[in-house]
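The values are calculated or read from the model by the stated rules, or taken from the named source; none is laboratory data. Note that the structure is a prediction, hence the values are computed from the model and not measured. Ideal geometry is used to build each Cβ from the backbone, glycine not excepted, and the neighbour counts take in all protein chains shown. The protein model used for the area step is the full one, side chains on, heavy atoms only, and it has no ligands, DNA or RNA in it. Shrake-Rupley method; radii C 1.70, N 1.55, O 1.52, S 1.80 Å.
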Amino acid sequence: MAVHEDNILILDFGSQYTQLIARRIREFNVYSEILPCTATLDEIKSKQPKGIILSGGPSSVYAKDAPKPDFGLFDLGVPVLGICYGMQLITDHFGGHVAAATHREFGRAELTIDHAAGLFDTLGGHSTVWMSHGDRIDRQPEGFVPIAHTANAPVAAFWNEQRRVWGLQFHPEVVHTPDGTTMLENFAFTISGCKPSWTMSNFVESEIARIREQVGASQVICALSGGVDSSVAAVLVHKAIGDQLTCVFVNNGLLRKGEAEKVVATFRDHMGMKLVFADEADRFMKRLAGVTDPEQKRKIIGNVFIDIFDAEAAKRDDVDFLVQGTLYPDVIESISFKGPSATIKTHHNVGGLPEDMKFSLIEPFRELFKDEVRAIGRELGVPHEIISRQPFPGPGLGIRILGEVTAERVALLQEADAIVLEEVKAAGLYESIWQSFAVLLPVKSVGVMGDERTYENAVVLRAVNSVDGMTADWVHLPYDLLANISNRIINEVRGINRVCYDISSKPPGTIEWE
Ligand code: XMP
């Protein structure tokens with residue numbers, strides 16, 4: 001992996017905010033990367049950071065299994081900033097003392113700045129900050145000077161001028177600390193001497209050059225799903241190597257209405273990419289016949305996809321590389337510090353491709369967050385419709401049709417789903433909602449239309465907001481919008497006579513119904 005000349009390295013001690021620190025720093029165009037707190041000194045050095053941040057974390061420094069970094073990092077001649085647990089580590093390491101606070105501080109606190117220089121340059125007087133800690137520093141180490149306090153934390157911030165080490169008891173990375181951005185900017189620019197060189201157009205340029213070099217004259221294959229990540233990855237790689245890239249797009253018959261045609265039109269016709277369209281809906285449908293168990297459905301859909309992709313790849317015996325749209329949070333999730341030992345979790349990869357494929361991977365977004373991938377997509381001219389797409393699961397409508405999946409039921413749900421999307425878009429809400437969709441239930445209910453008694457299917461509307469899909473809240477869609485959707489589905493989709501609204505959050509519900 002290339003080293004970014006101006007970068008801030010973050011060591012993760014398990015705080016829920018660690019990724020946020022990296023995002024904040026990248027927002028002012030300085031590259032920032034996270035390593036687990038167990039990183040060796042050599043790993044840390046290999047990143048050539050201009051500054052190091054020790055994140056917060058749930059532990060107490062005096063706990064038996066408290067995570068500790070390689071303290072050699074303090075001798076690298078690089079400025080260090082400890083946040084919350086990070087500050088307590090500094091305190092303990094340099095001989096100060098941390099005590100359990102009599103008043104635990106969670107939430108907003110009024111900070112008094114006692115020394116408006118360095119980290120607090122251009123700030124002064126008072127500032128609102130976000131505290132989230134049980135312990136506090138009651139004696140700073142020798143050589144460290146308190147530079148700010150709150151009512152409950154006499155040493156809310158300190159520094160050691162000679163060592164160039166800072167500590168903050170509060171979280172500068174969250175929006176509830178309005179001056180936090182200035183503090184992080186001061187750390188990155190003034191203290192660490194970074195230049196704002198991390199921009200999306202620089203990234204695109206250097207990535208194109210890197211991909212060209214990596215691939216040489218080889219052929220590359222990409223499983224295109226039509227989602228944001230794989231689409232932008234394919235376009236970027238295409239820009240680098242043109243027709244050496246072949247995209248494989250599998251129609252599993254479980255896509256949204258008109259989606260297969262749209263993907264082909266966009267990538268093959270509009271973007272001029274080499275695209276294999278494997279139109280295999282029948283094959284999926286045959287294998288799904290009679291299956292109602294959710295996990296079994298997922299497995300079948302995944303396995304058939306892999307068989308098809310494998311067969312397409314095998315047709316090209318000169319393919320050496322596979323493009324994947326893996327994002328930074330997936331990478332972090334799999335290596336980050338979670339509790340007393342590092343947790344290894346399998347990467348989510350496109351369509352669950354097997355690990356033993358003979359290709360080398362091209363993962364241009366391994367260092368990026370989703371909003372950064374969207375920015376690259378814009379830079380590369382990927383249509384807005386694709387960049388702004390809500391997440392759509394790999395098994396598609398197969399896990400939104402409860403009970404058996406048949407071509408007729410897929411068609412029914414496609415119609416209802418299209419209306420949901422149209423209306424949510426018309427209400428201007430599509431891009432602010434994480435996901436909004438319809439689910440087809442395996443029950444029928446009685447209704448009346450005109451003078452006729454009906455006995456038809458029921459669909460459920462689901463709209464959720466989420467930051468990462470791990471937790472979600474149901475969205476309070478306006479009643480008028482719900483009414484429009486319900487009216488249109490019942491009037492326009494023959495075979496559906498009832499629309500319900502899902503008001504479950506995750507947990508305990510999941511976003512998808514299967
Ligand atoms: P759940 O239903 O677990 O979904 O709350 C969380 C998020 O993941 C998406 N999802 C999937 N995405 N392949 C995917 O690519 C899958 O098999 C899959 N299952 C769920 C879901 O849409 C939501 O955004």
Notebook entry, point to check: How much net charge surrounds I376 when only the other residues with a Cβ under 12 Å from the Cβ of I376 are counted, with Lys and Arg +1 and Asp and Glu -1?
Noted result: -3
Check: What is the sum of charges around E456, taking Lys and Arg as +1, Asp and Glu as -1, for the other residues whose C-beta is under 15 Å from the C-beta of E456?
Finding: +1
Checklist line | Hull volume in cubic angstrom per residue (convex hull over the Cα atoms of segment 115-203) | finding: 118
Checklist line | Degrees between helix 200-215 axis and first principal axis of the chain (Cα, 0 to 90, nearest 10) | finding: 70
Next item on the list: With θ set to phi - 60°, apply the Karplus curve 6.51 cos²θ - 1.76 cosθ + 1.60 along segment 158-174 and write out the HN-Hα couplings as whole Hz, x wherever there is a Gly or Pro.
Entry: 9, 8, 10, 4, 5, 7, 6, 10, 10, x, 10, 7, 9, 9, x, 7, 8
Note to self: Residue by residue through segment 145-152, what is 3J(HN,Hα) from phi via Karplus (6.51 cos²θ - 1.76 cosθ + 1.60, θ = phi - 60°)? Round to whole Hz and write x for glycine and proline.
What the structure shows: 10, x, 10, 6, 9, 10, 4, 9
Notebook entry, point to check: So if we plug the beta-carbon distance of K45 and D480 into 1/(1 + (r/R0)^6) with R0 = 51 Å, what FRET efficiency do we get, rounded to 0.05?
Noted result: 0.30
Notebook entry, point to check: So what's the angle, to the nearest 10 degrees on a 0 to 90 scale, between helix 479-492 and the longest Cα principal axis of the chain?
Noted result: 30
Next item on the list: Work from the charge dipole of the chain (Cβ charges, +1 for Lys and Arg, -1 for Asp and Glu, about the Cα centre) and give the residue of V475, T128, V165 farthest towards its positive end.
Entry: V475
Next item on the list: Could you please report the charge total around D70, scoring K, R as +1 and D, E as -1 over all other residues with beta-carbon less than 11 angstrom from its beta-carbon?
Entry: -1
Checklist line | Peptides 70-83, 284-297 ordered by average Cβ neighbours within 10 Å, highest first | finding: 70-83, 284-297
Next item on the list: Please determine, in degrees from 0 to 90 and to the nearest 10, the orientation of helix 370-379 with respect to the longest principal axis defined by the Cα atoms of the chain, where the helix direction is its Cα long axis.
Entry: 70
Item checked: Cα gyration tensor shape for segment 38-92, rounded if a/c is under 1.5, else prolate or oblate -> prolate
Checklist line | Gyration tensor over alpha-carbon atoms, segment 406-501, equivalent ellipsoid semi-axes in Å | finding: 25, 14, 12
Next item on the list: Give me the distance in nm between label points sitting 7 Å out from Cα along the Cα-to-Cβ direction at V448 and H176, one decimal.
Entry: 5.4
Note to self: If I histogram all Cα-Cα distances within segment 200-387 using bins 5 Å wide from 0, what percent of pairs lands in each bin?
What the structure shows: 1, 7, 16, 19, 20, 17, 11, 6, 3, 1, 0
Margin query: Under 5 Å between amide hydrogens, which residues at least 5 positions from M273 or on another chain qualify, with H placed 1.01 Å from N in the peptide plane?
Written below: R268
Notebook entry, point to check: Hey, any idea what % of the chain's accessible area is carbon plus sulfur with a 1.4 Å probe?
Noted result: 51
Next item on the list: Please figure out what share of the DSSP beta bridges in segment 407-514 is antiparallel and state it in percent, rounded to the nearest 5.
Entry: 75
Check: For segment 263-268, in order, what is each residue's ³J(HN,Hα) by Karplus, 6.51 cos²θ - 1.76 cosθ + 1.60 with θ = phi - 60°, in whole Hz (x at glycine and Pro)?
Finding: 5, 4, 4, 5, 7, 7
Margin query: Under the rule of at least 5 residues apart or a separate chain, name every residue whose amide H is placed under 5 Å from the amide H of Q435.
Written below: V464
Notebook entry, point to check: Which of A407, V61, V228 sits farthest toward the positive end of the charge dipole of the chain, with +1 on the Cβ of Lys and Arg and -1 on the Cβ of Asp and Glu?
Noted result: A407
Next item on the list: Assuming R0 = 25 Å, can you tell me the calculated FRET efficiency for the pair R316 and S360, based on Cβ-Cβ distance, to the nearest 0.05?
Entry: 0.95
Check: Among bridges DSSP assigns within the chain, what percent are antiparallel (round to 5)?
Finding: 50
Note to self: Please compute the Kirkwood hydrodynamic radius over segment 7-191, one decimal place, Å, based on all pairs of different Cα atoms.
What the structure shows: 16.0
Next item on the list: Please work out how much length the chain gains when fully extended from V3 to K425, using 0.36 nm per residue of separation minus the C-alpha to C-alpha distance, in nm with one decimal.
Entry: 147.8 nm
Check: How about segment 160-223: which trypsin sites (Lys or Arg not before Pro) there are in a DSSP loop, with at most 10 other Cβ atoms within 10 Å of their Cβ?
Finding: none
Next item on the list: Pull up all non-local amide H partners of R498: gap of 5 or more, or a different chain, and H-to-H distance under 5 Å with H placed in the peptide plane.
Entry: V459
Notebook entry, point to check: Which value, in Å to one decimal place, does the Kirkwood hydrodynamic radius take for segment 195-257 when every pair of different Cα atoms is included?
Noted result: 13.1
Check: the chain: percent of C-alpha pairs farther apart than 45 Å?
Finding: 25
